Structures are given as C-alpha cells and as structure tokens.
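The next block holds one structure in the form of structure tokens; read it before the comments.
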Amino acid sequence: MIRGGTVVVATKNAGKVREFAHAFGKLGMEVVSMFDYPNLPDVVEDGVTFAENARKKAREVAVALNMPVLADDSGLEVAALGGEPGVYSARYSGEGATDSRNNEKLLRELARATNGGEAAERLADGTKLLGEARFVCALALYDPASAEFAESEGDVPGFIMNQPKGEGGFGYDPLFWVTSEGKGMAEMTMEEKQAISHRGRALAGLLGKLDVR
Ligand SMILES: O=P(O)(O)OP(=O)(O)OP(=O)(O)OC[C@H]1O[C@@H](n2cnc3c(O)ncnc32)[C@H](O)[C@@H]1O
Ligand SMILES: [Mg+2]
C-alpha cells in the first residue's frame with residue numbers, strides 16, 4: 001500500500017514530519033506532509049481516542065487527495081493528572097497553544113497535583129521526577145481505493161521532570177525522562193528516539209503488518 005516512492009502523511013507538525021522523513025528515508029521512501037498541501041481543510045480532531053483521531057485525519061485527507069494517506073495522532077498521558085493531557089495534548093494550553101506554553105502548563109498542573117514534587121525522586125543532578133507518564137502514538141493508513149485501514153499503536157513509559165533537559169525532539173520531549181535509557185527524550189538523537197519511542201514502535205508495528213522492510 002505504501003511501497004516505493006512517496007508517503008503522504010496527514011500532519012502539520014514539523015517534528016513529526018522530520019521523524020517520518022528519517023524513518024521512511026531509511027526505506028528509500030520520501031515523505032510529503034500537509035505543508036505540501038496547504039489548501040486542504042483542517043481536520044477537526046474530535047475523537048475520544050488517539051486511534052479515532054488518527055483514522056479521521058487519514059481518511060479525510062486520503063479522500064480529498066484520492067490516494068493512500070498515513071496519519072499520526074499522539075500525545076502524553078500523565079498518571080497524576082488522571083491521564084491528561086491525552087487527546088488534548090496539542091491544545092492543552094488553550095487557544096494559540098505552543099509547545100512551550102503546553103510545557104509550562106504541564107509543569108504548573110503537575111506541581112499542583114504533587115505539592116511541588118515534595119516526595120519526588122531525584123536524578124543525580126537534582127532534577128525531580130514529578131510523576132509517571134507515557135507517550136502514545138496511534139497510526140492509521142487509509143487507502144481510498146479499497147476503503148481499508150491499516151492501524152498500529154505504540155507507547156513509551158517515563159517520568160515528567162521539573163525542568164527541561166536536551167535540545168532535540170519537539171513537543172513535550174524536553175520534560176520527558178526515559179527511565180529505560182537513563183536519558184531525557186530531548187537528549188536522544190533521532191535514531192535513538194525512533195528505536196524506543198511511541199512513534200517508532202507504532203511505525204515498526206504498522207510496517208510489519210504491511211510487510212514493508
Ligand atoms: O495533528 P497533526 O497535524 O499531526 O499535528 P499535532 O501537533 O496537532 O499532533 P496531535 O494532534 O497528534 O497532537 C500531539 C501532541 O502531542 C505532542 N507529541 C506527540 N508526539 C510527541 C513526541 O514524539 N514528543 C513530544 N511531544 C509529542 C505534540 O507536541 C502535540 O502537542
Ligand atoms: Mg493535531
């Protein structure tokens with residue numbers, strides 16, 4: 001379904017585009033995104049689950065372009081916040097949300113929920129691990145010719161730090177500590193992130209289903 005040539009990804013997130021371009025580049029494929037199709041209408045992400053939103057983004061754009069389209073809906077679930085921001089991750093800080101405002105709100109809410117992290121564990125450099133979290137990524141590929149979806153989901157557990165670490169990644173990466181790697185997500189190279197991330201895992205699952213190698 002996506003063998004050879006070009007993969008259309010229904011995203012306007014530059015960080016996702018970089019990661020997909022890297023992953024598909026290794027398979028000899030190019031990625032185009034909604035930055036290449038600026039006139040398509042926005043998809044309203046009103047699903048209750050990541051998977052529902054991913055299917056909606058993939059299908060609406062695939063039907064508009066009349067070709068197979070891959071979509072990614074992802075976000076952060078924080079246990080002490082009852083799973084928030086979840087499917088609201090992109091618009092957590094409200095109208096005109098940006099990565100930095102979303103991160104500020106996350107720290108504010110988590111400080112409140114944990115009493116300033118008074119009982120938090122600390123890393124060697126004193127950084128507090130405020131609470132358990134996980135990144136989730138749902139991928140959906142829709143082919144309008146067959147009206148069929150291929151889907152996959154991935155996640156990665158970690159902790160939210162009380163201060164940012166690293167310059168890489170995007171979104172909530174600077175605040176996300178990956179215990180299994182002993183590193184912040186934004187301290188990893190794209191290759192390292194891909195090997196362990198929610199998106200990397202979801203993509204490996206999807207490519208396995210499609211038998212793309
Ligand atoms: O819907 P599209 O156009 O793909 O772009 P988006 O940025 O709105 O993407 P989502 O609706 O899936 O929202 C995902 C949110 O979760 C964040 N996020 C997703 N993957 C992430 C990652 O790998 N690292 C850090 N933050 C991530 C991201 O910054 C957004 O705030
Ligand atoms: Mg979105």
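Condition check: aliphatic (A, V, I, L, M) and within 12 Å of ligand 1 (Cβ to nearest atom). Does Ala21 satisfy that?
no
What do you reckon, is Leu210 closer than 26 Å to Ala23 by Cβ and within 11 Å of ligand 1 (Cβ to nearest atom)?
So Leu210 fails the test.
Of everything in segment 24-43, what is farther than 15 Å from Lys57 by Cβ, in a loop (DSSP other than H, G, I, E, B) and not hydrophobic (A, V, I, L, M, F, W, C)? Give them in sequence order.
Lys26, Gly28, Asp36, Pro38, Asn39
The conditions are (1) closer than 17 Å to Gly5 by Cβ; (2) within 14 Å of ligand 2 (Cβ to nearest atom); (3) of a type in the set (Phe, Trp, Tyr), and Tyr37 fails exactly one of them. Which is it?
(2)
Out of Gly75, Gly15, I need the residue that is near ligand 1 (Cβ under 9 Å from one of its atoms), assigned to a strand (DSSP E or B) and either farther than 16 Å from Leu141 by Cβ or at pLDDT below 95 (or both). Which one?
One residue alone meets the criteria, Gly75.
Does segment 100-113 contain at least one residue that is at pLDDT below 95, among the aliphatic types (A, V, I, L, M) and more than 13 Å from ligand 1 (Cβ to nearest atom)?
The answer is no; no qualifying residue exists.
Restricting attention to segment 133-164, and to residues there that are in a strand (DSSP E or B) and away from ligand 1 (no atom under 16 Å from the Cβ), which single residue is nearest to Ile196 (Cα to Cα)?
Ala150
Suppose the filter is surrounded by fewer than 20 Cβ atoms within 10 Å (Cβ to Cβ), polar (S, T, N, Q) and under 21 Å from Pro144 (Cβ atoms); does Asn53 pass it?
It is false that Asn53 is surrounded by fewer than 20 Cβ atoms within 10 Å (Cβ to Cβ), polar (S, T, N, Q) and under 21 Å from Pro144 (Cβ atoms).
State whether one or more residues within segment 66-75 are more than 20 Å from the chain's Cα centre (by Cα) and surrounded by fewer than 18 Cβ atoms within 10 Å (Cβ to Cβ).
For segment 66-75, residues more than 20 Å from the chain's Cα centre (by Cα) and surrounded by fewer than 18 Cβ atoms within 10 Å (Cβ to Cβ): present.
Which members of segment 55-73 meet the condition of being in contact with a helix residue (DSSP H, G or I) (Cβ under 6 Å, 6 or more places away or on another chain) and within 14 Å of ligand 2 (Cβ to nearest atom)?
Ala71, Asp72, Asp73
Has segment 80-88 got any residue that is touching a residue at least 40 places away in the same chain (Cβ under 8 Å), more than 10 Å from ligand 1 (Cβ to nearest atom) and either in a helix (DSSP H, G or I) or of a type in the set (Ser, Thr, Tyr) (or both)?
Looking through segment 80-88, at least one residue is touching a residue at least 40 places away in the same chain (Cβ under 8 Å), more than 10 Å from ligand 1 (Cβ to nearest atom) and either in a helix (DSSP H, G or I) or of a type in the set (Ser, Thr, Tyr) (or both).
The values are calculated or read from the model by the stated rules, or taken from the named source; none is laboratory data. Small disclaimer: the values here were computed from a predicted structure and weren't measured. Virtual Cβ from ideal backbone geometry, glycine too; neighbours counted across all protein chains shown.
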